[in-house]
Every structure is written in structure tokens, then in C-alpha cells.
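Asker: Handing you a structure now.
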Amino acid sequence: MNEIVVGVDLSPSAHAAMMWAAEQARATGKTLRAIHAVDLSPTFNMALGMGNVSVPMADSEMNNAYCKAVAAVYDSVRPESGWQLKFLIGEAGPVLVAESVGAALLVVGTKEHVGIGRLISGSVSHYCISHAECPVVAVPARPGREADQDHDLIPADTPAPS
């Protein structure tokens with residue numbers, strides 16, 4: 001229970017969650033583990049027999065530019081010794097819940113998906129709040145950075161994970 005787990009991607013709310021989690025970790029002396037989950041297609045997951053199981057992702061399996069963009073969000077909080085960033089394969093909600101078992105706190109961004117995007121991909125924050133075994137903090141995007149989009153903010157020249 002000496003760890004804070006935070007979900008990280010390229011959305012404004014995930015960046016705000018990362019900042020909030022880093023401040024909380026520093027204030028409480030806890031370590032921080034940032035998790036970026038990459039959801040492969042359900043067909044591929046089922047073919048591998050993975051379902052909702054998280055699997056560590058090798059650097060060679062992700063697009064290098066995308067990986068660097070996610071790492072830049074993590075690096076923006078000036079990580080302390082003992083903190084880590086992990087890339088995992090799986091649906092974000094179940095991966096974050098599984099990774100937070102035994103943690104003091106799970107921190108996620110919220111309010112990125114609206115309208116049809118929420119129906120299609122669901123709400124990671126809602127899933128985490130409903131299923132996590134530890135306290136969950138859902139952090140909205142900072143004012144002025146609210147996206148109200150159906151997708152993450154990814155620079156146009158940054159290819160998605162392959």
C-alpha cells in the first residue's frame with residue numbers, strides 16, 4: 001500500500017491525472033507507477049486467449065514515436081527514483097484495476113469521451129471506480145485543456161501503436 005498507480009495516455013485529462021498523482025506521491029512519500037494500456041483488437045485478444053489479462057509490451061511492439069510521446073507525459077512530472085512507466089497490452093480499465101491491486105490509490109483521467117465515443121469505448125474512469133479494490137481519484141483535464149473529443153489528443157504526425 002505504498003504505491004500510487006496512474007493511467008497515462010496522450011489525453012489532457014490523463015496528463016492532469018499524471019500531474020495530480022505525482023504531486024500526491026511526493027506529498028505522501030509513496031512511489032508512483034504509471035501504466036499505459038494498449039488495447040489490441042478483440043479478435044486478436046481472443047485469438048491469443050488473453051481476454052482482459054494484461055501482458056507486458058516489448059518496446060519493439062509499439063510505434064517508437066507514440067512510445068516517446070507517452071513517455072514525455074510521464075517525464076513531464078520529473079519522475080523520482082523508484083517511479084516507473086509500464087506499457088501493457090489490454091483494455092485500459094481492466095488493466096488499471098488489475099495493476100492497482102494492493103495499491104494505496106488509483107488515479108485516472110476523466111471526461112475525455114463524450115457522445116458516441118463513450119458508447120463505443122466506454123468510460124475507463126467509470127470502470128475503475130466500479131471495480132478497483134483501492135480508492136480511485138478521477139481527475140478532469142485542467143481548465144483550458146478540456147478536449148471534449150471522442151479520441152485522445154495525439155499529434156497528427158504521431159502514428160498509433162502498431
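The values are calculated or read from the model by the stated rules, or taken from the named source; none is laboratory data. Everything numeric here is computed off the predicted structure, so don't read it as measured data. Methodologically, a virtual Cβ is constructed for each residue, glycine included, from the backbone with ideal geometry; neighbour enumeration extends over all protein chains shown.
Asker: Could you list, ordered by first residue, the pairs with Cβ atoms under 6 Å in which the first is in the range 121-141 and of a type in the set (D, E, K, R) and the second is surrounded by fewer than 21 Cβ atoms within 10 Å (Cβ to Cβ), at least 6 apart or interchain?
Answerer: Final answer for the pair search is 133/101.
Asker: Which one is surrounded by the most Cβ atoms within 10 Å (Cβ to Cβ), of the residues in the range 1-27 that are acidic (Asp, Glu) and at pLDDT 95 or above?
Answerer: That would be 3.
Asker: What tally of residues in the range 68-111 results from selecting those that are in a helix (DSSP H, G or I) and either without any contact (Cβ under 8 Å) to a residue 60 or more places away in the chain or under 12 Å from the mean Cα position of the chain (by Cα) (or both)?
Answerer: 15
Asker: In the range 124-133, is there at least one residue being modelled with pLDDT under 50 and in contact with a helix residue (DSSP H, G or I) (Cβ under 6 Å, 6 or more places away or on another chain)?
Answerer: No, that holds for no residue.
Asker: Right, another one. Considering 60, 41, 54, which residue is within 24 Å of residue 137 (Cα to Cα), at pLDDT below 85 and small (Gly, Ala, Ser)?
Answerer: Selected residue: 54, the only one of 60, 41, 54 that is within 24 Å of residue 137 (Cα to Cα), at pLDDT below 85 and small (Gly, Ala, Ser).
Asker: Residues being buried (at least 16 other Cβ atoms within 10 Å of the Cβ) and out of contact with any strand residue (DSSP E or B) (no Cβ under 7 Å at 6 or more places or on another chain): count how many of those fall in the range 92-107.
Answerer: 4
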